[in-house]
1. Residue by residue through segment 120-170, note down the ones that are touching a Pro at 6+ places or on another chain (Cβ under 7 Å) and aliphatic (A, V, I, L, M).
2. Quick check on my filter: what residues within segment 275-294 are at pLDDT 85 or above and open to solvent by 50 Å² or more (accessible area, probe 1.4 Å)?
3. Return only the number of the condition from (1) over 21 Å from the mean Cα position of the chain (by Cα); (2) at pLDDT below 90; (3) open to solvent by 20 Å² or more (accessible area, probe 1.4 Å) that Ile244 does not satisfy.
4. Go through segment 129-163 and give me each residue that's open to solvent by 70 Å² or more (accessible area, probe 1.4 Å) and outside any helix (DSSP H, G or I).
5. Quick check: anything in segment 176-187 over 22 Å from Val263 (Cβ atoms) and either open to solvent by less than 60 Å² (accessible area, probe 1.4 Å) or among the aliphatic types (A, V, I, L, M) (or both)?
6. Quickly run through segment 184-215 and pick out the residues that are of a type in the set (A, V, I, L, M, F, W, C) and over 21 Å from the mean Cα position of the chain (by Cα).
7. It is to be established whether one or more residues within segment 261-272 are open to solvent by 80 Å² or more (accessible area, probe 1.4 Å) and out of contact with any helix residue (DSSP H, G or I) (no Cβ under 7 Å at 6 or more places or on another chain).
Amino acid sequence: MTESHLTEPGKQAAANLPGGGFARLRDPDRSARQLRAALPYLGVALLLLAAVTFYPILYGIWMAFYNISLATLSNNEFVGFENFKRLLGNPKSEFYPILGRTVIWTAMNVAAHVVIGTGLALLLQKPGVRFRSFFKALLILPWAVPSYITVLAWKSLIFDYDYGYANAALKALHIAPVSWLLDPTRAFWSTVLVNVWLGVPFMLMVASGALQSIGRELYESAELDGATTAQQIRHIALPMIRPIMTPAIVLGTIWTFNNFNAVYLLTGGGPYGSTDLVITYVYRVAFGSGTNYQYSLAAALSLVVFVMLLGLVWLYLRSVREVVSND
């Protein structure tokens with residue numbers, strides 16, 4: 001922007017600025033002084049990032065190419081890609097079944113988050129709904145509570161064999177109580193249920209905000225044309241919230257794929273590893289009893305997960321760019 005682009009009132013406003021008017025706005029020396037003044041603050045932030053983010057990442061990458069475990073702490077032997085071969089080159093490796101379970105678990109959870117969250121947002125968006133704000137606050141509450149508190153509450157209050165509400169309901173129906181977290185199939189579905197409870201509020205907020213951006217006149221025009229509620233949802237609401245929901249779905253996929261609390265605090269990956277996800281498997285390899293604390297193998301596995309999540313992050317940034325460009 002140059003001075004010639006300003007309107008007459010704009011030129012007068014620029015002339016009234018202290019220190020030289022419009023020339024002050026384009027003063028390179030002033031910009032350099034501001035940059036020098038900001039450098040100490042930026043330096044502190046960069047040091048903190050280097051200490052808590054960059055250094056652990058680089059150290060983890062370094063460990064992935066060495067043989068470091070509790071038994072070999074004094075002998076850091078360089079092994080190259082041997083850790084990756086143990087993970088990816090062995091058809092009998094635990095990694096592939098656990099990766100498949102993680103993908104299925106993530107897809108099921110994200111699909112439930114989107115369908116339930118969007119459905120609830122559509123219900124709350126209908127005209128004439130009373131106490132809309134109260135219901136929104138109530139539905140968002142599970143997301144506001146720290147996840148580890150929610151998971152432990154489900155474990156002790158819902159799924160406990162002797163005192164949990166789930167078995168109390170079964171007893172009231174004259175059905176024998178079951179061990180929710182000791183049976184592999186029931187334990188897996190229990191983790192899905194808890195994570196759906198944790199993830200729906202986020203999708204509800206995103207979908208609700210997207211629906212509020214749609215003008216009411218579009219629905220009114222559709223009603224005049226004889227469109228039913230289902231047709232309005234299909235041809236107006238869903239296409240118009242898609243650009244907003246796409247980045248949220250990708251972000252939710254990243255969070256769900258990397259979710260540690262929901263599984264580890266509820267089942268610990270058990271029984272017999274039947275609910276292990278990639279992220280809990282990394283923890284078990286590094287710190288689990290009977291694994292000899294294989295730090296390098298865990299670091300190699302973490303690097304594989306990092307590359308996978310990097311691909312999801314790329315998809316997320318791409319979807320965000322598409323939303324911005326469409327606007």
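1. Initially, segment 120-170 is screened for residues touching a Pro at 6+ places or on another chain (Cβ under 7 Å), giving 139-140, 142-143, 150, 161, 167, 170.
Scanning segment 120-170 gives Leu139, Ile140, Leu170.
2. Residues satisfying the conditions are Tyr283, Arg284.
3. In the conditions (1) over 21 Å from the mean Cα position of the chain (by Cα); (2) at pLDDT below 90; (3) open to solvent by 20 Å² or more (accessible area, probe 1.4 Å), Ile244 misses (1) alone.
4. Step one: of segment 129-163, the residues open to solvent by 70 Å² or more (accessible area, probe 1.4 Å) are 130-135, 138, 141, 143-144, 148-149, 152, 155, 157, 161-163.
Arg130, Phe131, Tyr161, Asp162, Tyr163 - these are the residues of segment 129-163 that are open to solvent by 70 Å² or more (accessible area, probe 1.4 Å) and outside any helix (DSSP H, G or I).
5. Filtering segment 176-187 down to residues over 22 Å from Val263 (Cβ atoms) leaves 176-177.
Those left that are additionally either open to solvent by less than 60 Å² (accessible area, probe 1.4 Å) or among the aliphatic types (A, V, I, L, M) (or both): 176-177.
Yes, because at least one residue in segment 176-187 is over 22 Å from Val263 (Cβ atoms) and either open to solvent by less than 60 Å² (accessible area, probe 1.4 Å) or among the aliphatic types (A, V, I, L, M) (or both).
6. Within segment 184-215, the first condition is being of a type in the set (A, V, I, L, M, F, W, C), and the residues that meet it are 187-189, 192-194, 196-198, 200, 202-207, 210-211, 214.
Passing the criteria: Ala187, Leu211, Ile214.
7. Looking only at segment 261-272, we keep the residues that are open to solvent by 80 Å² or more (accessible area, probe 1.4 Å), and these are 264, 272.
Keeping just the survivors that are out of contact with any helix residue (DSSP H, G or I) (no Cβ under 7 Å at 6 or more places or on another chain) gives none.
Within segment 261-272, not a single residue is open to solvent by 80 Å² or more (accessible area, probe 1.4 Å) and out of contact with any helix residue (DSSP H, G or I) (no Cβ under 7 Å at 6 or more places or on another chain).
The rows are residues; the columns are (1) modelled with pLDDT under 90; (2) over 20 Å from the mean Cα position of the chain (by Cα); (3) within 22 Å of Val278 (Cα to Cα).
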{"position": "Ser69", "(1), (2), (3)": "yes, yes, yes"}
{"position": "Asn75", "(1), (2), (3)": "yes, yes, no"}
{"position": "Arg86", "(1), (2), (3)": "yes, yes, yes"}
{"position": "Gly89", "(1), (2), (3)": "yes, yes, yes"}
{"position": "Pro97", "(1), (2), (3)": "no, yes, yes"}
{"position": "Gln125", "(1), (2), (3)": "yes, yes, no"}
{"position": "Phe159", "(1), (2), (3)": "no, yes, no"}
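The values are calculated or read from the model by the stated rules, or taken from the named source; none is laboratory data. As the structure is a prediction and not an experimental result, all values here were calculated from the model. A quick note on method: Cβ atoms are made from the backbone with ideal geometry, for glycine too, and the neighbour counts reach across all protein chains shown. Heads up: the accessible areas ignore ligands, DNA and RNA and are worked out on the full protein's heavy atoms, side chains in. Shrake-Rupley method; radii C 1.70, N 1.55, O 1.52, S 1.80 Å.
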